[in-house]
């Protein structure tokens with residue numbers, strides 16, 4: 001499968017995606033997300049602060065997952081420059097910014113990835129990497145990544161859609177499950193996910209189809225039991241995420257005629273408690289070109305922060321802390337049920 | 001194309017909560033009971049969902065099959081577990097038919113055949 005962009009799909013346009021969400025919501029009589037927040041007394045939504053700097057270092061990836069909200073893949077060429085990474089490091093050094101969360105694509109494919117991690121490590125901040133696992137088996141260039149991550153105490157967060165092969169391969173591509181298990185074993189070998197090692201390996205579960213993730217703790221128990229017993233693999237925590245109705249998951253919803261039911265489900269499951277803890281309130285998202293967004297999803301929908309500060313080179317924490325977060329219908333994805341964030345359930 | 005007519009409409013499932021329109025007190029009692037039944041207890045909510053799925057097949061309730069297939073999948077149940085649960089329902093239903101054949105057997109003997 002190629003990316004939406006490479007296929008010339010209309011859905012490669014963020015305007016088209018937002019138009020579809022607006023039209024479907026209108027047709028079904030669903031309230032706007034802003035209206036829902038007003039009812040809950042949470043509008044306008046404002047940050048609690050910039051604690052986490054989430055940096056998307058590029059859309060290049062060795063996988064093309066069916067649900068990728070980034071529309072990443074081997075045919076994407078957008079890559080963050082070393083200069084922009086340097087600007088991210090300046091922002092990261094700001095007091096109060098505690099964490100660097102590196103994402104992609106496959107972030108490890110950015111030629112300056114290791115330099116970026118080494119420099120961030122010198123600042124003494126917590127570093128997280130969104131690793132797709134199979135990159136650890138993608139050749140000589142990547143095979144020492146587990147040791148590299150361990151050296152810099154990087155927290156590894158990896159997607160594994162299910163603890164069985166069929167659903168995982170259905171979402172992420174044929175053979176991905178087996179390679180992911182092999183990669184998890186490599187991470188376990190250097191201590192990741194092993195009790196007492198201090199090296200954290202968390203897995204991310206997102207549903208393979210048009211349904212919401214159930215209880216995170218039950219799922220975590222199932223994943224732990226199955227992965228340990230059947231594959232001898234260990235990890236720390238499971239983060240259960242909701243699929244956002246955007247990009248390639250939106251394509252899947254439209255193809256299977258599930259878009260109406262899925263949006264209705266998200267709106268019906270709106271949880272005001274989750275809405276108070278959405279990740280955009282303590283996270284700032286940086287695009288590959290240095291543009292700023294409230295979250296990774298707003299980034300993929302080109303909903304840029306157009307305040308006094310709109311680029312990472314202009315980073316100003318106090319200005320950003322007082323901004324108003326941009327909202328659209330996809331935001332229901334973060335507030336449905338137990339809520340969803342890059343760190344899993346929030347309510 | 002002729003208009004499709006059926007008593008079962010998928011969109012009716014989400015109107016289940018409206019059954020209290022004319023008898024709200026009894027409906028509330030039912031939904032409170034229903035919620036309590038499916039909460040985590042000595043059996044987990046996941047186990048209860050699988051039981052519900054098996055029963056849904058036995059009583060042939062399309063709404064319940066729709067709801068509890070989704071619910072079990074959301075709770076992380078595997079395909080193998082889903083189909084084993086359905087086979088448990090089928091075995092009980094089939095067994096319930098066959099066990100009544102003892103009555104036929106008794107009658108045959110009573111008739112001196």
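Averaging over all projection directions, the Cα-based convex hull of the range B:39-112 occupies 6.4 nm² in the image plane. A simple spin-label model places pseudo-atoms 7 Å from Cα toward Cβ; at residue A:152 and residue B:47 they are separated by 4.6 nm. Here the contact order of chain A, divided by its residue count and restricted to Cα pairs under 8 Å and six or more residues apart, works out to 23 percent. Projecting label points 7 angstrom from Cα along Cα→Cβ for residue A:255 and residue A:82 puts them 4.0 nm apart. If you take the square roots of the eigenvalues of the alpha-carbon gyration tensor of chain A and sort them as a ≥ b ≥ c, do you get rounded (a/c under 1.5), prolate (a/b over b/c) or oblate? In terms of gyration-tensor shape, rounded.
Neighbour counts of other Cβ atoms within 10 Å put A:303, A:1, A:85 in the fewest-to-most order A:1, A:303, A:85.
Per-residue mean of foreign Cβ neighbours for B:65-77 is 4 (Cβ atoms of other chains, 10 Å radius).
Each peptide in A:61-72, A:219-230 receives the mean, over its residues, of other Cβ atoms within 10 Å, and ordering these scores from highest gives A:61-72, A:219-230.
Under 11 Å from a label point 7 Å along Cα→Cβ of residue B:12: give me every residue in the range B:56-88 with its amide N that close. Residues B:62-63 fall inside that zone.
For the pair residue B:66 and residue A:125, a Förster radius of 45 Å applied to the C-beta separation gives a FRET efficiency near 0.40, rounded to the nearest 0.05.
Residue order for A:309, B:99, fewest other beta carbons within 10 angstrom first, comes to B:99, A:309. Helix B:45-58 and the longest principal axis of the Cα set of chain B meet at an angle near 60°. Here r is the Cβ-Cβ distance between residue B:19 and residue A:137 and R0 is 51 Å; the resulting FRET efficiency, rounded to 0.05, is 0.40.
For a paramagnetic label modelled on residue B:107 (point 7 Å from Cα along Cα→Cβ), amide N atoms under 18 Å away belong, within the range B:79-97, to B:96-97. Stokes-Einstein diffusion of the range A:96-151 at 37 °C, 0.692 mPa s viscosity, Kirkwood radius from Cα pairs, rounded to a whole number: 277 µm²/s. The distance between label points at residue A:9 and residue A:189 comes to 3.6 nm (points 7 Å beyond Cα on the Cα→Cβ vector).
Taking 12 Å as the cut-off, no amide N atom of the range A:268-301 comes nearer than this to a point 7 Å along the Cα-to-beta-carbon line of residue A:19.
DSSP finds beta bridges in chain A, and of those with both partners inside it, around 20 percent are antiparallel. Applying 1/(1 + (r/R0)^6) with R0 = 60 Å to the Cβ-Cβ distance of residue B:59 and residue A:40 gives a FRET efficiency near 0.95.
Among A:49, A:193, A:139, the residue with the largest mean-square fluctuation in a Gaussian network model of chain A, with springs joining Cα atoms closer than 10 Å, is A:139. Between rounded, prolate and oblate, where does the range A:193-347 land on the alpha carbon gyration tensor, with a ≥ b ≥ c its root eigenvalues, rounded for a/c under 1.5, else prolate if a/b exceeds b/c? Verdict is oblate for the range A:193-347.
Every number in this text was worked out from the coordinates using simple rules, so none of it is lab data. Please read these numbers as outputs of a predicted model, since none were measured by experiment. Don't worry about glycine lacking a Cβ; one is built from the backbone with ideal geometry, like all the others, and counts go over all protein chains shown.
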